[in-house]
Amino acid sequence: MSPVKLAATPVGPPSGSPVILLHGSPTDHRVWAPQIADLAASGYRVVAPDLRGHGQSPLGQGPATVEVMADDVLAMADELKFDRFVLGGFSFGGWIAFEIMRVNPARVSGLLLVSTGAEPDAKKFKALRPEQAAALRRDGFKVEGYRERVLTEETLRSRPEVWEEAARTLAAVSVEGRARTIESMAMRPDFRPVLPSIRVPTLVIVGAEDPITPPALSRQIHHAVPGAFLQVVEGASHLVTLEAPGVVSQAILNWLAFSGLDS
């Protein structure tokens, strides 16, 4: 199956160290918007593509598995002439990052994992995926259904503009693109065996109040990856990159500098 050409616009100085940031589903590259700006301003060459079926990227043919999406990302990196790069994955994007680490770890100089886990789909969720995808194709995508799941109650009450920003990135997915990623969740591998073999600097970030990928999943990654760092962000939920942008950006920049991955 041929990779699709992902919609992606590099930002930051062309001579900067390359960073690829992968979003989750249902979002687009704008889930990383604050970090894209902060990394580019610090001298990094940042590319945050829209995954297939999300944002401005085409659907492509066949299932949207993490294996297929990893091929898309590596093809993009080849086109950009990024031989090695820091790789960041948010939520679903974290699984794509794990797949790249599994099949081509030499391409990755540093690994950033945000709001994600390494486990396969739980049996109770796996059995529900076909009906979830069918319901989505039948009824359409409802952004409001995610409101209380991705931001804390305090943020929703006191900072409504964060939800407005989140809603825009959540809405930037086609119904079929989201349906295919739901189906692929049931097929994703167990990436836990990959974790001990990771030999690049690794930073794990999670919101302390994340109900979708709870901090326990991030702690599992932190404990299994040699030398990994963990940042638990208080007062933040799943969309921690938008809810606590300054904390997340500073954690990433500090980690890059400490790890010798600075631009």
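The values are calculated or read from the model by the stated rules, or taken from the named source; none is laboratory data. What you see is a predicted model, and the numbers here were worked out from it, not measured in a lab. All Cβ positions, even for glycine, are placed from backbone atoms using ideal geometry, and neighbour counts span all protein chains on display.
Structure notes:
- Within the stretch 198-225, considering residues that are of a type in the set (A, V, I, L, M) and out of contact with any helix residue (DSSP H, G or I) (no Cβ under 7 Å at 6 or more places or on another chain), the one surrounded by the fewest Cβ atoms within 10 Å (Cβ to Cβ): A216
- Selection status of V11, in contact with a helix residue (DSSP H, G or I) (Cβ under 6 Å, 6 or more places away or on another chain), touching a residue at least 12 places away in the same chain (Cβ under 8 Å) and under 22 Å from S115 (Cα atoms): no
- Of the helices (runs of 4 or more DSSP H) lying entirely inside the stretch 156-263, those carrying at least 3 residues that are of a type in the set (A, V, I, L, M) and in contact with a Ser or Thr (Cβ under 9 Å, 6 or more places away or on another chain) are 160-170, 245-258.
- Residues of the stretch 70-113 classified as free of Cβ contacts under 8 Å to residues at least 40 places away in the same chain, of a type in the set (A, V, I, L, M) and in contact with a strand residue (DSSP E or B) (Cβ under 9 Å, 6 or more places away or on another chain), total: 1
- I96 being closer than 24 Å to A167 by Cα, modelled with pLDDT of 95 or more, buried (at least 24 other Cβ atoms within 10 Å of the Cβ) and not aromatic (F, W, Y): yes
- Among (1) in contact (Cβ under 8 Å) with a residue 60 or more places away in the chain; (2) surrounded by fewer than 18 Cβ atoms within 10 Å (Cβ to Cβ); (3) not hydrophobic (A, V, I, L, M, F, W, C), the one test that G177 misses: (2)
- Candidates A127, A48, A70, A122 - the one that is at pLDDT 95 or above, among the small types (G, A, S) and surrounded by fewer than 24 Cβ atoms within 10 Å (Cβ to Cβ): A70
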